[in-house]
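Comments concern the structure below.
The values are calculated or read from the model by the stated rules, or taken from the named source; none is laboratory data. Note that the structure is a prediction, hence the values are computed from the model and not measured. Note: ideal-geometry Cβ built from the backbone for every residue, glycine included; neighbour counts use all protein chains shown. What goes into the accessible areas is simple: the full protein's heavy atoms, side chains included, and nothing from ligands, DNA or RNA. Shrake-Rupley method; radii C 1.70, N 1.55, O 1.52, S 1.80 Å.
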Amino acid sequence: MSDSFSQANTDSNQIIYRFILKTKEAEKIDRPNIVAKEILVWTEENALLTQSLCQLILDRQDQVIEGQETGYVKRIVRSLVKYWETETDCEYYQHFQAIKDSILENQQVTTVLLRLHEILLQTEVVAKESLEDTILLESGLVSRQEDRFKIANPIYAEIFNSEWIKQQLNQISRQLISSSEPAKEIDRDLEKPSRSSIFWVILALIGLVGLGGILGLYWSWINFSTVKQCRLPPTDLDLAAKVLTACDRLIKRQPNNAEALVNRGKVSLVLWNASRNQARIDSAIADLTQAKELEPDNPRTVFYLNYLEEFQDIVIRQKAKCLPVSDRYQEVINLYQPWDKITTADLPIVLELGHFLVNREQNYQTATKLFNAVIEFDPNIAQAWSGKATAQFLAKDYFNAQASFNRALALDPDSYKLKYNLGSLWAKLGNYQKASELYAQATRIEPNFAIAWRDLGLSLYLQDRYQESALAFTQIIYRPNSESFQVGNKERELMKEYYERVEDCLDEAVEGLKVSCSQEDRIPVEVTLNHNGIFHNVIVHGKRPEPFFNVEHHRFFQCFQGNSQAVIDSHLPQGHGH
């Protein structure tokens, strides 16, 4: 490739001369000579790059006043660097792609990248009679002046920079990881020579070129990538398998890495959800137990172990009752105090503990402290405000609950759960007009929200809006149950009772008679509704941020639904996070 530009200086001078003439004709650039000088600073008189920059500037026809030349050319270069891979019709695309291919499509790619990184870090290096130097020189990416090597021009340095090199090394490391996994279908004795030979060839090449320090950097980067991947939330099964592989590799090198043990334990539960293999649970508990032995004072480790042991009791062994929070999680709560020590990694756990305290023990005061700790750490977490509002509502602190619900809605305005919650609060305060408005909004966002239809119909009934209430009741009475729409027999019968009342009242209104519904004493009606759990159902808001918490979530929480005044997520439409 370097031969193609042996006349680069002469060509670039001609290109610059024509550029200056054209810019003077256009009268858009105050000082064309200065702009031309800045172009050559970036291109180092590479003809193709010079032509490309000149053409980009001429096509734009921007006004460039005196003093703006340096910044203007820099912006043009930044744009070219950022978007060159999308400009497939441009000549410079073919040019950069050819350089990229010449680096990546050879057997020495790893050591070539490491050598390139060394040149970038030191600006100039001593030239060596090595295969790597030859590949870089022939690509045109570097230039040689006597016994020194440097990147041929600043544009190349911007495109093929350290970040680009790290991305390529990261990809190679993933390929090494995948290639090192044994395939059960293949005889391991047959596959070992090819894999190990590749590994030792790479090491031999690095030794030959004397890149001991760079090799350390490379393996540090691979280790960093493995740690990073082990920390990823396993949002799907493919990613969960990759996270497990990364954690396995990390623990093999560092058997006492407590964080990796915790992460492997958590991802094992996610994978259990797909296979239902008890060995996954046993492995997860073993990892978390070892992590607790290594870090007995780490509240996250203690929580995950206790949670998983409880999961096994409730979901797998199907015990009917769960232990109180004070028995199962008191050690975790003690380790977290004072609450101002929490970090980002603690937030999912503290939120979950708050929900436990609300629903299991009705310990609203302590739960509020936990939610306040999250809010003090980050006041923009809607789930913390919603959890606090739920605790306040159930403690009959309606004034503060209203403020907390409003704050949560400001952060998550499209949450049908929050709108329902606030509607229930207004219904408790006797303001059925506001309650019905919020229930209606909730049903528009989530049409499968059965209890919102129920409470919408009843709040309209209590306002003497019979026609509208009848329409809401029909959603409960006539709509069949499905995976996303669930109504209990007791609720359906209650709605039928009120629907028949409404029909009679509507008939009376048509016949000009006194409407009996309007004559009834509302207080006994409200007492009956409260006795039946109407307007009491405040939902614990929020999709669990960790896949770990979403495994068998509905069954896990059945152990304390009987004691809770709040509707648990199992009563809600499936597949919705709001």
*Among the numbered conditions (1) in contact with a helix residue (DSSP H, G or I) (Cβ under 8 Å, 6 or more places away or on another chain); (2) among the aromatic types (F, W, Y); (3) at pLDDT below 85, tell me where Y83 comes up short.*
(1)
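A quick yes/no check of all residues on (1) under 25 Å from Y329 (Cβ atoms); (2) touching an Asp or Glu at 6+ places or on another chain (Cβ under 6 Å); (3) surrounded by fewer than 19 Cβ atoms within 10 Å (Cβ to Cβ):
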residue	(1), (2), (3)
A246	no, no, no
L250	no, no, no
N256	no, no, yes
E259	yes, no, no
G265	yes, yes, no
Q278	yes, no, yes
N298	yes, no, yes
*For A241, indicate whether it is at pLDDT 90 or above, more than 20 Å from R317 (Cβ to Cβ) and within 20 Å of the chain's Cα centre (by Cα).*
no
*Applying the selection to the range 413-445, what residues are surrounded by 21 or more Cβ atoms within 10 Å (Cβ to Cβ) and not in a helix (DSSP H, G or I)?*
S415
*Give the range 461-475 a look and list any residue that's closer than 15 Å to Y420 by Cβ and crowded, with 24+ Cβ neighbours inside 10 Å, or say none.*
A472
_Being farther than 22 Å from F549 by Cα and not in a loop (DSSP other than H, G, I, E, B): is that true of N359 here?_
no
*All but one of (1) open to solvent by less than 40 Å² (accessible area, probe 1.4 Å); (2) small (G, A, S); (3) farther than 30 Å from P255 by Cα hold for A291, so report the exception by its number.*
(3)
*Does any residue of the range 62-71 turn out to be out of contact with any Asp or Glu (no Cβ under 6 Å at 6 or more places or on another chain), touching a residue at least 60 places away in the same chain (Cβ under 8 Å) and either of a type in the set (S, T, N, Q) or part of a helix (DSSP H, G or I) (or both)?*
no
*Every residue from the range 75-97 that is surrounded by 14 or more Cβ atoms within 10 Å (Cβ to Cβ) and in contact (Cβ under 8 Å) with a residue 12 or more places away in the chain*: I76, V77, L80, V81, W84, C90, Y92, H95, F96
_Check on R492, basic (K, R), at pLDDT 85 or above, closer than 18 Å to L438 by Cα and not in a loop (DSSP other than H, G, I, E, B)_ = no
*Output the residues belonging to the range 141-156 that are of a type outside the set (S, T, N, Q), surrounded by 19 or more Cβ atoms within 10 Å (Cβ to Cβ) and under 40 Å from the mean Cα position of the chain (by Cα).*
L141, V142, I151, A152, I155, Y156
